[in-house]
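Shown next, in structure tokens, is the structure this report addresses.
The values are calculated or read from the model by the stated rules, or taken from the named source; none is laboratory data. Note that the coordinates shown come from a computational prediction; the quantities given were computed from them, not determined experimentally. Every residue, glycine among them, receives a Cβ derived from its backbone with ideal geometry; neighbour counts consider all protein chains shown. Side chains are part of the model used for accessible areas, which takes the heavy atoms of the whole protein and leaves out ligands, DNA and RNA. Shrake-Rupley method; radii C 1.70, N 1.55, O 1.52, S 1.80 Å.
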Amino acid sequence: MGTVVRQATELGIWRITPVLCDYSVARPDGEAVEKNWKAEALAALKQSGNPFLPEIERPCRFADVLPKSPCQGVFGDLQQGGVAAVRQALGGAGPVALWIGPEGGFSDREREALVAQGLLPVRLGQWILRVETAVPAMLGWLSAMAELGTAGSAVNVQNKRA
């Protein structure tokens, strides 16, 4: 998770919420946030020149986090999704939520709940990515699409603050 925090900070994310899913193996506690992840974020700020320290929340259960998520966004799905979902998610105003599941992906129940919340499935290529690969790959893609104006009135993913 330290790698994910560091890379997400370098890419300008303003909030990181570790979510405990059905298939999650690691179950970190709040102590990891205070001792390790905030230090990773600070180091990433110094290296990248990004002036915004992201809010790093304590790990939360999927059912507790989903209702608070913006309806605009995408989630990694090993089975479906594509570029159109990302363009649609970036087309509105406001924050964009990115949900990356644990190794093995989201459970069927979680996938259905994400879609019911209004989030759109997206798959980056044909390979199953590790979480620490999927996060920067998707953030880089979202950021590039926003910068290039690919999505019309795109959200500036790098600088959006709540």
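State yes or no: is residue 125 at pLDDT 80 or above and either open to solvent by 50 Å² or more (accessible area, probe 1.4 Å) or part of a loop (DSSP other than H, G, I, E, B) (or both)? Before the answer, list the steps.
On the way: at pLDDT 80 or above: no; either open to solvent by 50 Å² or more (accessible area, probe 1.4 Å) or part of a loop (DSSP other than H, G, I, E, B) (or both): yes.
Spelling it out, it is not the case that residue 125 is at pLDDT 80 or above and either open to solvent by 50 Å² or more (accessible area, probe 1.4 Å) or part of a loop (DSSP other than H, G, I, E, B) (or both).
Residues in the stretch 44-54: is at least one under 27 Å from residue 111 (Cβ atoms) and of a type in the set (Lys, Arg)? So that I can check it myself, show each step before the final result.
Here is the first cut: in the stretch 44-54, the residues under 27 Å from residue 111 (Cβ atoms) are 54.
Adding the requirement that they be of a type in the set (Lys, Arg) leaves none.
Looking for residues that are under 27 Å from residue 111 (Cβ atoms) and of a type in the set (Lys, Arg), one finds none in the stretch 44-54, hence no.
Hey, could you check the stretch 60-71 for residues that are touching a strand residue (DSSP E or B) at 6+ places or on another chain (Cβ under 7 Å) and either of a type outside the set (S, T, N, Q) or open to solvent by 20 Å² or more (accessible area, probe 1.4 Å) (or both) and say which is farthest from residue 18 (Cα to Cα)?
That would be 70.
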